[in-house]
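Student: The structure under discussion is supplied below as structure tokens; questions concerning it will follow.
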Amino acid sequence: MRLTAALVLAIASGSCMRATATAEGAPVSAAVAGPPKLIVFITVDQLRGDMLDRYRGDMRHGFARLMQGAWFTRGFHDHAITETAPGHASTMSGRFPRSTGIMSNSAGVLDPNVRLVGSGGPSDPGASPSRFAGTTLFDWMHAKDRRSRALSVSRKDRAAILPIGRAKQEVYWYASSGRFITSTWYRDTLPEWVRAFNARRMPQSYAGKAWTLLRPESAYPEPDSVPFENAGRNFVFPYPFGDDSARAAAVIANTPMHDEVTAHFALEGLERLGLGRGPQTDLLAVSFSATDAVGHTWGPDSREAHDNQIRLDVTLGWFLDSLYKLRDPGSVIVALTGDHGVQPIPRLARQRGEATSNEGIIVSLSSQVSAVRAALAARGVDSLAFDFDYQLVSLDRGALAGKGLKPDSILDAFAAAVRQVPGVGRVDRMRDIRRADFAMDPVARRWAHQVAESAPVDLVITLTRYSYWYNATATHGSPYDLDAHVPIIFLGPWVTPGRYDAFTRVVDMGPTLAAIAEVRPLERLDGVVLRSALRR
């Protein structure tokens with residue numbers, strides 16, 4: 001049997017720690033001594049919970065190793081607007097969007113009061129966690145030991161920022177200029193190691209190359225020519241990046257190759273910052289975004305999605321190999337989840353007989369919204385007194401009362417009109433949502449977890465399955481399980497490996513990691529410690 005790095009270290013140091021090597025995995029300690037020196041939190045954007053089992057036969061590297069940990073197969077984001085920003089805000093905060101204040105992508109991290117640092121592109125906006133409320137796992141770690149540090153990286157600004165909340169640590173994301181950048185929320189200049197990494201021009205090095213299948217065509221059961229994909233354009237392998245280096249750096253952002261760049265950047269930061277060398281516990285958060293880009297473009301059932309997962313498996317494999325060479329595996333706990341799931345391409349769902357006649361519909365409520373606003377304007381009320389943000393509807397009750405209008409009558413009339421629109425599943429008053437039987441009505445439960453009681457939201461609109469607010473190949477954002485289901489995995493000496501099939505929430509990950517790190521949350525949480533997986 002091949003000795004793992006931890007066994008070699010234990011033998012060399014004379015340690016009496018008993019460890020059992022698992023195939024292709026980190027060692028499982030029979031007697032854990034103290035908290036980890038490093039927490040590695042991996043989020044894969046749009047990693048639906050069934051994908052690991054779907055592609056399990058192809059998972060030979062990183063995913064294969066992770067699946068040997070404590071794998072909660074029925075993990076869910078138990079909130080309604082299953083988008084990137086709310087998902088990432090819940091991963092390590094242990095709290096639902098109703099508590100974090102991050103209820104949607106539109107209320108995510110965009111911040112005109114900060115500027116970018118590090119030569120972002122002209123279309124890259126300023127970003128910060130200014131809307132995030134409360135604390136996260138890192139805050140709890142830092143409260144225990146001020147020496148604790150964090151590095152969080154991603155292709156997306158919100159995916160890099162929100163996992164560690166408001167903490168002013170090392171946070172970087174990818175700009176359209178082909179560089180990793182940050183904002184003045186964190187620092188005024190890029191550190192030398194980030195400038196040196198950018199100077200290597202790794203993204204630009206993909207010029208003249210192409211995304212091709214990693215394995216023979218016979219290994220992919222999915223057809224390569226599906227006109228429903230990518231709006232009927234450019235849906236057949238290979239996908240060349242072009243000869244221009246600037247264009248290549250932009251194009252790879254939506255391919256598996258960018259996950260490779262992100263992994264290299266994370267490892268560079270880990271080593272240059274000295275994270276995990278102790279004695280304190282440090283945090284490395286890495287978000288891989290290619291799965292989301294590929295799913296939105298070609299759909300989650302495409303050959304492109306399949307090859308992306310195979311390539312991500314390879315990337316995670318060498319990422320974990322490198323991690324365990326740089327740090328003793330016995331001192332590292334790794335966690336993995338997704339920030340949301342995804343629904344299939346609507347036309348494919350209908351073609352396969354999965355969607356009913358009222359599902360998979362592009363929904364527009366523009367005429368209903370315009371009618372309400374026109375009626376308000378006729379009574380001298382600013383049209384913005386009726387606020388419509390797709391799923392969320394609110395009224396300026398003060399403005400209506402001043403004109404003698406009845407808010408409840410307006411809401412009831414609008415709800416009745418919207419319920420007649422094809423593709424609308426239900427329209428609920430938030431006051432009714434909070435009185436629902438959550439055990440019998442999971443959609444209501446997820447809306448209650450989404451919207452804070454103090455939020456001025458009167459109505460919430462839920463579309464039917466596979467239906468969207470705009471024409472897209474495939475997307476997410478609903479309270480249904482396809483969008484909410486994600487894997488939850490822990491790997492390290494502190495957990496007992498195995499498949500756990502109980503219903504589990506992503507908000508349980510923060511409290512569980514806090515228990516492993518022996519830190520106390522600084523506020524009341526929505527999640528609980530997953531004690532069934534802990535070895536102590």
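A short reminder: the numbers here are calculations on the coordinates, not readings from a lab. A quick note: this is a predicted structure, and the numbers were derived from the prediction, not measured. Don't worry about glycine lacking a Cβ; one is built from the backbone with ideal geometry, like all the others, and counts go over all protein chains shown.
Student: Would you mind checking which residues have amide H under 5 Å from V495's amide H? H placed 1.01 Å from N; only 5 or more apart, or other chain.
Tutor: Residues meeting the criterion, in which the H sits 1.01 Å from N, are R535.
Student: Would you kindly derive the ³J(HN,Hα) couplings of the range 258-274 from the backbone phi angles with the Karplus curve 6.51 cos²θ - 1.76 cosθ + 1.60 (θ = phi - 60°), listing them in order in whole Hz, with x for Gly and Pro?
Tutor: With coefficients 6.51, -1.76 and 1.60, one gets 6, 4, 4, 4, 4, 5, 4, 5, 4, 5, 4, x, 3, 6, 5, 8, x Hz.
Student: Further question on the same structure: For the range 199-206, take each phi angle, set θ = phi - 60°, evaluate the Karplus expression 6.51 cos²θ - 1.76 cosθ + 1.60, and give the result in whole Hz per residue in order, putting x for glycine and proline.
Tutor: 5, 6, 6, 4, x, 5, 5, 7
Student: Moving on. I'd like the Karplus ³J(HN,Hα) series for the range 326-332: coefficients 6.51, -1.76, 1.60, θ = phi - 60°, whole numbers in Hz, and an x wherever there's a Gly or Pro.
Tutor: Here the 3J(HN,Hα) series is 7, 9, 4, x, x, 10, 10 Hz.
Student: How large is the Rg to Rh ratio of the range 376-443 when both quantities use alpha carbon positions and Rh follows Kirkwood?
Tutor: 1.03
Student: Continuing with this model, one more query. Could you give log10 I(q)/I(0) at q = 0.14, 0.17, 0.22 Å⁻¹ for the range 407-490, computed by the Debye formula over C-alpha point scatterers of equal weight, without solvent?
Tutor: With one equal scatterer per Cα and no solvent, log10 I(q)/I(0) is -0.56, -0.80, -1.20.
Student: Something else about it: How big is the convex hull of the Cα atoms of the chain, per residue, in Å³?
Tutor: 160 Å³
Student: How charged is the neighbourhood of P238? Take every other residue with its Cβ under 13 Å from the Cβ of P238, and add Lys/Arg as +1 and Asp/Glu as -1.
Tutor: -2
Student: A further question follows. Rounded to the nearest 500 deg cm²/dmol, what is the calculated helix-only ellipticity per residue at 222 nm for the chain, with -39500 (n - 2.57) per DSSP H run of length n ≥ 4?
Tutor: Using -39500 (n - 2.57) per qualifying helix, the result is -9000 deg cm²/dmol.
Student: So what's the range 468-515 giving for Cα Rg divided by 2.2 N^0.38 Å, two decimals?
Tutor: Rg over 2.2 N^0.38 Å, computed on Cα atoms: 1.58.
Student: For a quick check: sort S205, S104, S370 by the number of other beta carbons within 10 angstrom, fewest at the front.
Tutor: If I rank by nearby Cβ atoms, fewest first, I get S370, S205, S104.
Student: Can you quote the Å³ per residue value for the convex hull of the Cα atoms in the range 141-180, rounded to an integer?
Tutor: Cα convex hull per residue, to the nearest whole number: 59 Å³.
Student: A further question on this structure: Rounded to whole Å and sorted largest first, list the principal axis extents of the Cα atoms in the range 294-338.
Tutor: Largest first, the range 294-338 extends 39, 17, 11 Å along its Cα principal axes.
Student: Based on the Cα coordinates of the range 302-455, what is the per residue volume of their convex hull in Å³?
Tutor: That works out to 208 Å³ per residue.
Student: How big, in percent, is the set of alpha carbon pairs in the range 103-222 lying more than 16 Å apart?
Tutor: Roughly 66 percent, rounded to a whole number.
Student: In square nanometres, what is one fourth of the surface area of the convex hull spanned by the alpha carbons of the range 165-229?
Tutor: The orientation-averaged projected area of the Cα hull of the range 165-229 comes to 8.2 nm².
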